[in-house]
Amino acid sequence: MLVTLSRHIIDQQRKFPQTSGKFIELLLQIAMAAKMVAYEVRKASILDVLGALGKATPTLEDSQKLDTFARQTFVKALEPSGLLCVMWYEEAENVIHISPQFPTGPYVLNFDPLDGASNIDVNVSVGSIFSIHRQLSKGEKGNDKDCLQPGRKQVCAGYIIYSTSTMLVYTAGSGVYGFTLHPGIGEFILTHPEMKFPQVKKNRNIFSVNVGNYPYWEALTKRYVDAVMHPTAKNQKIYKYRYTGSLVADFHRNLLQGGLFLYPADYKKDPKKLDAKLHLLVEASPLALIAEQAGGKASTGSENILDVQPVSLNQRTPLVIGSKEDVEHYENFIRENARTLFSFPKE
Ligand code: P6P
């Protein structure tokens, strides 16, 4: 029997009648926005292809337009829902308050409308990422503190990947569910119930990192990547290397095939200051909840992402995420090598 997203939501509300899971109704609005973004992304791709053939005049500015289109589409779809008290999206200076003409509700939405948008002009998959919390503040109008909650407090998190097919993947704390958009009927169909990282194979799990950043990494990160890319010890695991530069695409592939995605802090922007690239609220936290619900793990390298208390909206974090065994292998390697690398020679 084809289970549509709407059917699934009804089933989930029946399964958990005691929870006030009204937030799950937000998924329907997110799904509607996703269908509209998917259509525009596909159109932009063909425009870009035509551009490459010199037949149209798309520019990089088009993918930025697409970023804006995606952001406006999600806001228009979700603001009137009557379920939100405040929203925030990546790079916004401040939180977005609900317009006075709409009712408000007890939930908070943080989202990245189009992650990896610059990949559109090379036809690489891109994604949208969302994170839903309960309101903490009193009164109808939410505020920054409502958005700045640790990942473990999320009531729902998920992403949409715009690729050969459009998929919506989410968790509400009771497993991870994947829906594929049926282009013929325009419905998201449940195709991946109870998604889990596959049991870790001895070898050939996937390893994703941008080795172009090697010159800017800390010594410990270099030592770890050297060990992974040039296994010597007999029990050192051999990985298959894949990296697309699009977080949702890299994460989704590793969720299906098993493996590790790494975006460590680096000195790229400033040789004197270690900096991270990925956003805690709208990249690391939502994917961390999905990873944990799928039997995996997400870490800063030393702390579980879900336990990090955000202090600013655009806060960035190092991210190590994927199969639990692979993440813990990284954490153990860094802990053990930190002792030797930074231990001073015995007197
Ligand atoms: P780099 C896209 O801009 C993004 O935020 C993530 O989707 C992706 O994982 C990362 O940046 C890629 O960064 O430095 O490897 O191009």
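The values are calculated or read from the model by the stated rules, or taken from the named source; none is laboratory data. Just so it is clear, the model here is predicted, and its values are computed rather than measured. Quick reminder, even Gly has a Cβ in these numbers, built from the backbone with ideal geometry, and neighbours come from all protein chains shown. Accessible surface is based on the protein model in full, side chains and every heavy atom, while ligands, DNA and RNA are left aside. Shrake-Rupley method; radii C 1.70, N 1.55, O 1.52, S 1.80 Å.
Scan region 266-277 and tell me whether some residue there is farther than 20 Å from E91 by Cα, more than 16 Å from the ligand (Cβ to nearest atom) and part of a helix (DSSP H, G or I). No, the conditions are met nowhere in region 266-277. Residue count for region 296-314, restricted to those that are surrounded by fewer than 16 Cβ atoms within 10 Å (Cβ to Cβ), at pLDDT 95 or above and either within 14 Å of the ligand (Cβ to nearest atom) or assigned to a loop (DSSP other than H, G, I, E, B) (or both): 5. Among the residues of region 278-290, is there at least one that is modelled with pLDDT of 95 or more, part of a strand (DSSP E or B) and either within 12 Å of the ligand (Cβ to nearest atom) or outside the structural domain of F333 (by TED's automatic domain parsing) (or both)? Yes, region 278-290 has at least one match.
Remark: G21 matches the filter, which requires a residue to be modelled with pLDDT under 90 and touching a helix residue (DSSP H, G or I) at 6+ places or on another chain (Cβ under 7 Å).
The residue that is surrounded by the most Cβ atoms within 10 Å (Cβ to Cβ), among those in region 171-205 that are in contact (Cβ under 8 Å) with a residue 40 or more places away in the chain and of a type in the set (D, E, K, R), is E187.
All conditions but one from (1) out of contact with any Asp or Glu (no Cβ under 7 Å at 6 or more places or on another chain); (2) within 14 Å of the ligand (Cβ to nearest atom); (3) more than 30 Å from D146 (Cβ to Cβ); (4) touching a residue at least 60 places away in the same chain (Cβ under 8 Å) apply to F251; the one that does not is (3). Once region 232-261 is narrowed to residues that are within 18 Å of E292 (Cβ to Cβ) and in contact with a helix residue (DSSP H, G or I) (Cβ under 7 Å, 6 or more places away or on another chain), the residue that is surrounded by the fewest Cβ atoms within 10 Å (Cβ to Cβ) is L260. Taken over region 173-223, the residue count meeting the criterion of being within 16 Å of the ligand (Cβ to nearest atom) and under 16 Å from L255 (Cα atoms) is 4.
In region 315-347, the residue that is most open to solvent (accessible area, probe 1.4 Å) out of those that are modelled with pLDDT under 90 and among the small types (G, A, S) is S343. Here S208 fulfils each of the conditions (1) loosely packed, with under 14 Cβ neighbours inside 10 Å; (2) at pLDDT 95 or above apart from (1). The set of residues from region 268-285 being open to solvent by less than 10 Å² (accessible area, probe 1.4 Å) and either within 20 Å of G258 (Cβ to Cβ) or of a type in the set (G, A, S) (or both) comprises A284, S285.
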